[in-house]
1. With +1 on each Lys and Arg Cβ and -1 on each Asp and Glu Cβ, and nothing else charged, work out how big the dipole of the chain is about its Cα centre, in Debye to the nearest 20.
2. From the square roots a ≥ b ≥ c of the eigenvalues of the alpha-carbon gyration tensor of the stretch 242-307, which class results: rounded (a/c under 1.5), prolate (a/b over b/c), or oblate?
3. Take the chain, mark every one of the trypsin sites (Lys or Arg not before Pro) that falls in a DSSP loop and has at most 14 other Cβ within 10 Å, then report the longest stretch left between them, sites excluded.
4. If you average the sequence gap of Cα pairs under 8 Å that are 6 or more apart and divide by the length of the chain, what percent do you get for the contact order?
5. Considering the chain as a Gaussian network with a 10 Å cut-off on Cα pairs, which listed residue, Pro78, Pro324, Pro277, attains the greatest mean-square fluctuation?
6. What Kirkwood hydrodynamic radius do you get for the stretch 200-351 when you take the inverse of the mean 1/r over all pairs of distinct Cα atoms, in Å?
7. If I build a Gaussian network model for the chain, linking alpha-carbon pairs within less than 10 angstrom, which residue out of Leu332, Leu105, Leu74 has the largest mean-square fluctuation?
8. What is the spin-label model distance, in nm, from Glu55 to Lys345 if the labels are put 7 Å beyond Cα along the C-beta direction?
Amino acid sequence: MTHLWVRAEQRANEDRVGLTPDGAKSLMDAGLRVTVEDSSVRAIGIDGYAQAGCEIAPENSWPGAPKDAIIFGLKELPEDGSPLPHRHIMFGHAFKGQHSGRALLRRFKAGGGTLYDLEYLVDEAGRRVAAFGYWAGFAGAAVTLKAWAAQQHGKLCGPVGAYRNKDAMMDDLRAELDATNAPRPDAIVIGALGRVGTGASDLMEAMGVRVTKWDMAETASGGPFPEILDHDLFINCILAGPQTPVFVPREALTTSRKLTAIGDVACDPDSDYNPVPVYDKATSWDAPALRVAENPPLDVMAIDNLPSMLPLESSIDYAGQLLPSLLTLDDLSSGVWARAEATFKTHMKDI
């Protein structure tokens, strides 16, 4: 019997989960065994999983799970260097040249485990079967607007946190923008036709921001793109890759520009393909904006777990997208799981 073990998230400010109680019941009805760890922060309480019939395990007990269990979480594991003997489903951030990713792969090599990276669960056409993109874009645009609003008061954006729902986030943001007594800024969103860009554009437009929407056609020339510097805000929604052009080069820090706030929702600062090379580290909930230039200021928002600002909506959305694939876990030798394992093995050759 296939055993799925849903671990508690151990990263700070991470309240999401990739499986709802209803989804767990569907898996068990299909013949899978489901264990869910208790969690002090998860947006969906443990009672629902218990009522669905899941086995309940202590928080963070996954290292002692049966070796045949498939450990399912979202964000990264504690960086303690321990070998990883299990099969893990999670966002590994290890296949695009990230320096921290190599350390993770070395742990899998030492333990003999396997990584099924959620970013690389794709269908036959290479499209991801599930993504948090919409809510990442929505929240990322909100924090970028918060950074701009803080600039109007001569300040750097202060700490951010999770909201009970999107309406609460929008009410809070609208109040901050109104308090600036300034006209709404304008913004350019690159990747506007995708889920991330749609979320970012929807939030901006709901706040009265005029949005210029670019996608592949507008960036096909490879740059440079001076138009970006002519907007108040820039939201990058393009995942970094070898084909990704540079959108805001280092020279932009010292050239004339209107641009004062960047929201790098894709957030790959340690990738060799970073399209926004004016910064080199992710920001955090405690310090959401990094100032990279003055006179005029230029702040970068690059939080890498943005959907957790709206943990309930993003969990329900993502879990619904992923459930059809989880229902095929009995056969890891084909479909999305076989493709993900092949990607893992390809990258392990260099470890």
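1. 560 debye
2. On the way: a/c = 2.13, a/b = 1.12, b/c = 1.89.
Because a/c hits 1.5 or more and a/b fails to exceed b/c, the stretch 242-307 counts as oblate.
3. Values: sites that count: Lys67, Arg127, Lys155, Arg164, Lys258, Lys281, Lys349.
Free of exposed loop sites, the longest segment is 165-257.
4. Values: 724 pairs, mean separation 69.7, N = 351.
For the chain, the relative contact order is 20 percent.
5. The residue that fluctuates most here is Pro78.
6. 18.0 Å
7. Highest fluctuation of the listed residues: Leu332.
8. Taking the simple label geometry, Glu55 and Lys345 are separated by 2.9 nm.
The values are calculated or read from the model by the stated rules, or taken from the named source; none is laboratory data. Treat the numbers as computed from the prediction; the structure is a model and nothing was measured. No Cβ is skipped: glycine too gets one built from the backbone with ideal geometry, and neighbour counts run over all protein chains shown. Calculation scope for accessible area: heavy atoms of the full protein, side chains included, ligands and nucleic acids excluded. Shrake-Rupley method; radii C 1.70, N 1.55, O 1.52, S 1.80 Å.
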